[in-house]
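Down below is the structure, laid out as structure tokens.
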Amino acid sequence: MKFKWLYKNNNSKIILFFNGWGMDDGVVKHLNPEDYDVLMFYDYSTLDTDFNFESLNIYLEKNLIAWSMGVMIGSCLASSLALSHREGKKVAINGTLKPIDAKFGIHPKIYDLTIKGFDEKGREKFISSMFDKKFEINCQREISEQLSELIALKNYQADESFKYNKILISDNDKIIPTKSQVAFWGKEPNLKGGHCPFFNFTKWSELL
């Protein structure tokens, strides 16, 4: 797993962002951090990381925002993040704790077909399916790296005891179907748009 500081300005509050599969900071770099430091985790080809989680204990408030496959990964690493220490919000966006599942996520057969046919054309199709409008994003991730991550995600299992305290669901999600999210969380959609909602916001704090 990789990490990247999007903003590190010695603030007293931090947002820990678990990105979706295959993505880099292109989908969130327009968001204003205001008085938050923002640390992004991404590339879940492995969950091993050399990040020092204890370094986060300097913050007076720690918030978790997880998107898509990041919702599952965020739960897996919750104990390392020590969120109970100066805890803030824990936000799940367009994901579930069972993201590869016939009822609560992407149907396993569809997921396997995605792996089997993944190439440049497949990546372009995926990115276009994330939005309900035309957005241009220039993801710098390598296809081979994305495929490795796609395969690895099948091997992870969420910590289902972990509780998100804010759930955001788009009404037109074509990646992790809206109906699957509704079935898992028992909540109705509360966002307009597709799987990637970030271009409807201007500040990180709007997601908290």
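The values are calculated or read from the model by the stated rules, or taken from the named source; none is laboratory data. Because the structure is predicted, anything quoted here is derived from the model rather than measured. Note: ideal-geometry Cβ built from the backbone for every residue, glycine included; neighbour counts use all protein chains shown.
Restrict the check to the range 181-189 and report whether at least one residue is out of contact with any strand residue (DSSP E or B) (no Cβ under 6 Å at 6 or more places or on another chain), surrounded by fewer than 17 Cβ atoms within 10 Å (Cβ to Cβ) and charged (D, E, K, R).
Within the range 181-189, one or more residues are out of contact with any strand residue (DSSP E or B) (no Cβ under 6 Å at 6 or more places or on another chain), surrounded by fewer than 17 Cβ atoms within 10 Å (Cβ to Cβ) and charged (D, E, K, R).
Taking the range 103-127 on its own, how many of its residues are touching a Ser or Thr at 6+ places or on another chain (Cβ under 9 Å) and either surrounded by 12 or more Cβ atoms within 10 Å (Cβ to Cβ) or without any contact (Cβ under 8 Å) to a residue 12 or more places away in the chain (or both)?
Looking only at that region, the number is 6.
Could you please find all residues in the range 128-144 being surrounded by 12 or more Cβ atoms within 10 Å (Cβ to Cβ) and among the polar types (S, T, N, Q)?
Ser128, Ser129
Residues that are exposed (fewer than 14 other Cβ atoms within 10 Å of the Cβ) and either out of contact with any Leu (no Cβ under 6 Å at 6 or more places or on another chain) or not β-branched (Val, Ile, Thr) (or both): does the range 86-101 have at least one?
No: the range 86-101 contains no residue that is exposed (fewer than 14 other Cβ atoms within 10 Å of the Cβ) and either out of contact with any Leu (no Cβ under 6 Å at 6 or more places or on another chain) or not β-branched (Val, Ile, Thr) (or both).
For the range 70-77, indicate whether the set of residues that are modelled with pLDDT of 95 or more, more than 25 Å from Gln140 (Cα to Cα) and touching a strand residue (DSSP E or B) at 6+ places or on another chain (Cβ under 9 Å) is non-empty.
yes
Checking Tyr44 against (1) surrounded by fewer than 21 Cβ atoms within 10 Å (Cβ to Cβ); (2) not charged (D, E, K, R); (3) not in a strand (DSSP E or B), which single condition isn't satisfied?
(1) is the only condition that Tyr44 fails.
Mind listing whichever residues of the range 17-38 are closer than 30 Å to Asp119 by Cα, crowded, with 19+ Cβ neighbours inside 10 Å and of a type outside the set (S, T, N, Q)?
Of everything in the range 17-38, those that are closer than 30 Å to Asp119 by Cα, crowded, with 19+ Cβ neighbours inside 10 Å and of a type outside the set (S, T, N, Q) turn out to be Phe17, Phe18, Gly20, Trp21, Gly22, Met23, Val27, Val28, Leu31.
Across the range 128-183, which residue is farthest from Gly105 (Cα to Cα) among those that are without any contact (Cβ under 8 Å) to a residue 12 or more places away in the chain and part of a helix (DSSP H, G or I)?
The extreme case among them is Ser144.
Provide a single number: the residues in the range 13-66 that are farther than 19 Å from Gly95 by Cα, free of Cβ contacts under 8 Å to residues at least 60 places away in the same chain and not basic (Lys, Arg).
Going through the range 13-66 one residue at a time, the tally reaches 18.
Pick out the one residue from Ser45, Ser80, Ser68, Ser55 that is at positive phi and not aliphatic (A, V, I, L, M).
Ser68 is the lone residue from the list that is at positive phi and not aliphatic (A, V, I, L, M).
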